Every structure is written in structure tokens, then in C-alpha cells.
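Data block below; observations after.
The values are calculated or read from the model by the stated rules, or taken from the named source; none is laboratory data. Predicted, not measured: the structure shown is a model, and the values here were computed from it. Cβ: placed from backbone, ideal geometry, glycine included. Neighbour counts: every protein chain shown.
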Amino acid sequence: MICALVAGTALIEMRHVGFAPWNTIWAEDGAIYLRDAVSLGFVKSILAPHAGYLQVVPHLIAEMVALFPLRFSALMFSLLGSLGAASLGVMTYFVLNDQLAWKWLRLGVAVGIVALPPAEFEISATAVNFNWYLLSACSTLILFRPRKRASAIMSAALLFLTALSTPLVALYFPLIIVRMWRDKSILPTIVEGGLIAGLVLQGIEVLMLRLQNGVHTGLVLTLELYLGRIVTELFFGWNLSPRLLSLTTGAVAFLALAAVGGVTVLALIVVDNRGNVLVGVAYGATSVALFAAEIFIRGGIALRPGQSWWSFPAGFESRYSDAPLFILLIGVFVLLGVVWERPNAYTRSVVIVTVLVVAAGWITSFYYDSPRTGGVAWSSALEKAALHCRIGTPVAVPINPPGWSFDTTCRVLSSRY
């Protein structure tokens, strides 16, 4: 397990092109979380809302970063973000044992956390966007059947923290419905108790904050964007998808959708017990629900005149694709696991070909330039800020992306440098 954690952390760190992630700080990591960690008390810091809701886990990461001198802040944000993602990958491998018996498919899902195509753009090796990793991986805990009480308590605690970091966990409802159908019970388990407790606290906080209205995105456009941004990326990755969509004027998205539908139909045909087929479909429904909710929450997307849905319209940031894409991967792999259980050369060849296509698409997206590792190096920015303190100028340490800064005082900088 330790080897898997080390390998996963190293692979995430290696994905970045440009400045090393351990020498850059991204957006809210410095401007909000680190600032709060060094200037507020522990409780005030972790319970401070941002963007209209609680984000406890990113604040906890920043609190751990603040235990070290400021010159190590970029390194610690990067390592903790990458190690956390790798840990969630290892967790999914074991948690999915009941839903996905074939270990190589489970390994594919676990590696998917590390190789998630859009992740390097702005969520990997950060605290601010670690919520998307949590939202993705913790979906597997809803249908998890822990055999030991300690595992149940740990799962409940993780769902509790996830709910205190993003209200989007409420959209796990298709999985919860399948759990109730499977267990023939509407009473929550210990694991779901953690989710419910976190959602209650998160809901109270959200209701106390002002809600913002935005541009409405219609159902048809939402589904079209899901086809282009999620289903197509599942098979062809982040780099190839926009090129193929443009080349085929969107037709490749329907080819990818047909592949998902084909796997689902094949699973229904070859299996006697359709329980896991329903599980796979529930993951797919959760993926669609998350994608639609993220568009709604961010205020909608409006196409420019003459712009097509398959041309990747601006305004939908890459981080909104990560959780729906990973959860769809889980659903498709669960269905492939159902097909694999039928010892037939034809069905197993379908599984192998599908996995190879997905792997090839994701490998092409492993490296690419991103704003996460461009612009300002933390070490040099911190040195300049320390120099400004000596001549009495205000301290605002620039970070990435351009226009963001870590605002502090000379007293804090000199005591924590």
C-alpha cells in the first residue's frame, strides 16, 4: 500500500509541464486558505465559508501547511494534495471489491484518480480543488459494505468531511436509492449517517448565505455538453476529444455514447443477477446529475452566436468535468465487470478492447501545459516580499494565476519565513 501511495503521489507530481508544482501556489490556496490559516484561529479558519458554502477539507490542508515555514508552503500544498488524491485512489480499489470483483478493473479505477484527464489543469496538487477528488472517490462509499466496525466509522467520517466540503454530495441520491433497494431498507447505515450529518450542517450554512442567480442553461444544451465534455473524454481523453469533436462536428460524441449504451445492453443480456447492472447505471445517473448541478450552480453557460455545443464553449472550467468523468468511469467499469464475469471469448474481448481504448485516450492526456505551473514561482516571490518588508512596503506575495496574491503582514512573514 505504501508503494502505491508513493507511486501515485509521484505520478501526479510528474504530470505538470512548466514550473514544478512544489514551487507554485494556486489561487485560493494562498489568497484564502493559507491567509486564514496564519491569521485566524483553527476553528474560525476551518469553518470559514467560501463561494457560498463550507470547505472544511481544503482549510484542514492549509492548517497542516501552516505548521511549516512559509518557504515550504508551495511544497506542502503540492505534496498533501497529491498524496490525498493517491490515498483516495487506493481507497477506491478496496471499497469497490463488492461492486467490481475483477481486480484489474478495480486497479483501472484507482489509477483513474491519478490519471484523470482534466485534473492537471487546475485541481491536482492543490487544496482548493481537492473537493473534486473527494466528490469523485467518496461516491464509492455509498454502496460499500464494511465488514468491520472500524471501516464503517472511517467511511462515515470521510463522507462527513466530504459533505462539509461540498454540498454536491446531495447528488449521490441515485446511489442511495440503489443501496435502499439492494438492502431492502430505508434506514441509513453508519456510513450514510456521516453523509447525512455533514449535509445537515452544510445545508444550514448554505441557507444562511445569499444565493446568486445566473444564466439558465437548458436541459438539451446541458445533455449536449455532457456528451462532449464527459462521455467523449471518457474514451478519448482531454487532448484528443476537442480535436475529434471538431473534425467530426460532434459525431464522435454519439459514437462514445453508443459504446456506453452497448456495454450496458451487453451487461443486461449476459448476466442473470442484474443488481450490479443497476449499480453501474446509478453511477452514470450520479455523473449526469453532478454535471447538470455544477452548470446550474456556476450560473449557466450561454453559447455565442454560431457556436456549437461540441466546440467546447468557454466558461465551463475543467474542474467541473473531473467528478462527473471519474464517476462515469466507475459506472462503465462496473458494467464491464458484469460482462467479464460471463466466461465467453466474445464478451471478454469487448471488455479488453473497451479498457484499452479508455487507457489510450487517458494516456494521451497525461502531460499538457496548464496555468497551474506557469507564471510565478513561490520561492522567488517570497524572497521579493521579504525584501519589500525590509524597506517598509506592504506585503502581497503574488501567486498563480495572475492577479492572485497571498496577503500578509511583515510581522507574519518574518516570523514564519
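Values for this structure:
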quantity	calculated
Top-ranked residue of the range 19-45 - restricted to ones that are of a type in the set (Val, Ile, Thr) and closer than 17 Å to Gly81 by Cβ, ranked as surrounded by the most Cβ atoms within 10 Å (Cβ to Cβ)	Ile25
Residue under evaluation Glu120, criteria (1) touching a His at 6+ places or on another chain (Cβ under 7 Å); (2) more than 16 Å from Pro21 (Cβ to Cβ), criterion not met	(2)
Residues satisfying the stated conditions in the range 66-80, i.e. touching a residue at least 60 places away in the same chain (Cβ under 8 Å) and assigned to a helix (DSSP H, G or I)	Leu70, Arg71, Ser73, Ala74, Ser78, Leu79
Odd one out for Leu100, checked against (1) at pLDDT 90 or above; (2) buried (at least 18 other Cβ atoms within 10 Å of the Cβ)	(1)
Unmet criterion (only one of (1) more than 28 Å from Cys410 (Cβ to Cβ); (2) surrounded by fewer than 18 Cβ atoms within 10 Å (Cβ to Cβ)) for Phe72	(1)
Test: Ala137 is closer than 21 Å to Gly337 by Cα, part of a helix (DSSP H, G or I) and in contact with a helix residue (DSSP H, G or I) (Cβ under 8 Å, 6 or more places away or on another chain)	yes
Residue among Val338, Val353 that is of a type outside the set (Ser, Thr, Tyr), over 24 Å from Arg243 (Cα atoms), at pLDDT 80 or above and part of a helix (DSSP H, G or I)	Val338
Test: residue in the range 123-131 that is touching a helix residue (DSSP H, G or I) at 6+ places or on another chain (Cβ under 7 Å), not small (Gly, Ala, Ser) and not in a loop (DSSP other than H, G, I, E, B)	yes
Within the range 40-60, considering residues that are of a type in the set (A, V, I, L, M, F, W, C) and in a loop (DSSP other than H, G, I, E, B), the one nearest to Val412 (Cα to Cα)	Leu40
Residue within the range 250-260 that is at pLDDT 85 or above, buried (at least 20 other Cβ atoms within 10 Å of the Cβ), in contact with a Leu (Cβ under 8 Å, 6 or more places away or on another chain) and under 29 Å from Leu141 (Cα atoms) present	yes
Scope the range 159-187; condition in contact (Cβ under 8 Å) with a residue 40 or more places away in the chain and either surrounded by fewer than 19 Cβ atoms within 10 Å (Cβ to Cβ) or touching a Cys at 6+ places or on another chain (Cβ under 7 Å) (or both); matching residues	Leu161, Thr162, Phe173, Ile177, Trp181, Arg182
Number of positions in the range 8-43 that are without any contact (Cβ under 8 Å) to a residue 24 or more places away in the chain and over 21 Å from the mean Cα position of the chain (by Cα)	4
Residues located in the range 339-349, provided they are within 18 Å of Asn276 (Cα to Cα), surrounded by 11 or more Cβ atoms within 10 Å (Cβ to Cβ) and not aromatic (Phe, Trp, Tyr)	Val339, Glu341, Arg342, Thr347, Arg348
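Results for (1) small (Gly, Ala, Ser); (2) in contact with a strand residue (DSSP E or B) (Cβ under 7 Å, 6 or more places away or on another chain); (3) modelled with pLDDT of 90 or more; (4) under 22 Å from Ile32 (Cβ atoms), shown as yes or no for each residue.
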residue: Leu134; (1), (2), (3), (4): no, no, yes, yes
residue: Ser139; (1), (2), (3), (4): yes, no, yes, no
residue: Arg145; (1), (2), (3), (4): no, no, no, no
residue: Arg149; (1), (2), (3), (4): no, no, no, no
residue: Ser155; (1), (2), (3), (4): yes, no, yes, no
residue: Leu159; (1), (2), (3), (4): no, no, yes, no
residue: Thr162; (1), (2), (3), (4): no, no, yes, yes
residue: Tyr172; (1), (2), (3), (4): no, no, yes, no
